[in-house]
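Values quoted throughout were computed directly from the atomic coordinates according to the rules given, and no laboratory measurement underlies them. None of the values given here were measured: they were computed from a predicted structure. Positions of Cβ are backbone-derived with ideal geometry, glycine not excepted, and every protein chain shown enters the neighbour counts.
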Amino acid sequence: MNDKSPVYDLLQGNGRLNNGRKDKTPNASETTIFKKLKVKNQMTREQKVVTPRAPAEAREDYLEMISELIQTKGFASITDIAEKMNVSKPSATSIVKKLDKEGYVVHARYRGLALTESGSNLASKMKHYHETLTRLLLVLGIPEKIAKDDAEKIEHGLHSRSLLRLKELTNYLEANPETVQKLNKK
């Protein structure tokens, strides 16, 4: 929405409706616009509770997804990335351009993507973090869907030393299920 539209003015509380009047009561056409906006912007309860992500998290998630697509399909396209990341094609294109500029991917317009060595290394690191955290949560008895979602939230910003220790703990717990049983009894 541009800053000259009546919808923008109403949303900003400027009261510039009905051909410039200072009346905050919307006319019939503006009411229709708001009904459409309201319907379009209705979200589920889970969708409303979205924590903003740091740029580094988005970068890591995109690289992880690109790597996964290349491994499963042999290539990664903007359309596939947008679909998997649940974003619009322009949003995916914007992030991919940034990744290209930062040296994580090589993007040939209309031809797909390739990970650079640094992009591949970061994608592998994030996949490893995710798998380790998911395994830990699963061994602790967390349902798979929740374990995967929580691992996704935890993996970003985790120091490599912390991950190493969590991996050792996971390996120990997997090798000693009686310890997990004791934990679950408490």
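How far apart, in nm, are two points set 7 Å out from the Cα along the Cα-to-Cβ line at Met85 and at Val180?
Placing both labels 7 Å beyond Cα along the Cβ direction yields 3.4 nm.
For segment 82-129, max minus min Cα coordinate along each principal axis, in Å, sorted largest first?
28, 22, 16
Assigning unit charges at the beta carbon (Lys, Arg +1; Asp, Glu -1) and nothing else, what dipole magnitude in debye, to the nearest 20, does segment 55-115 show about its Cα centre?
Around 360 debye, computed over segment 55-115.
Which whole-percent values make up P(r) of segment 46-150 when all C-alpha to C-alpha distances are grouped in 10 Å steps starting at zero?
Per 10 Å bin, starting at 0, the Cα pair percentages come out as 14, 44, 31, 10, 1.
Report the Rg/Rh value for segment 99-186, based on alpha-carbon coordinates and the Kirkwood definition of Rh.
1.15
Quote the charge dipole size of segment 121-185 about the Cα centre in Debye, to the nearest 20; the model charges only the Cβ of Lys and Arg (+1) and of Asp and Glu (-1).
My answer is approximately 140 debye.
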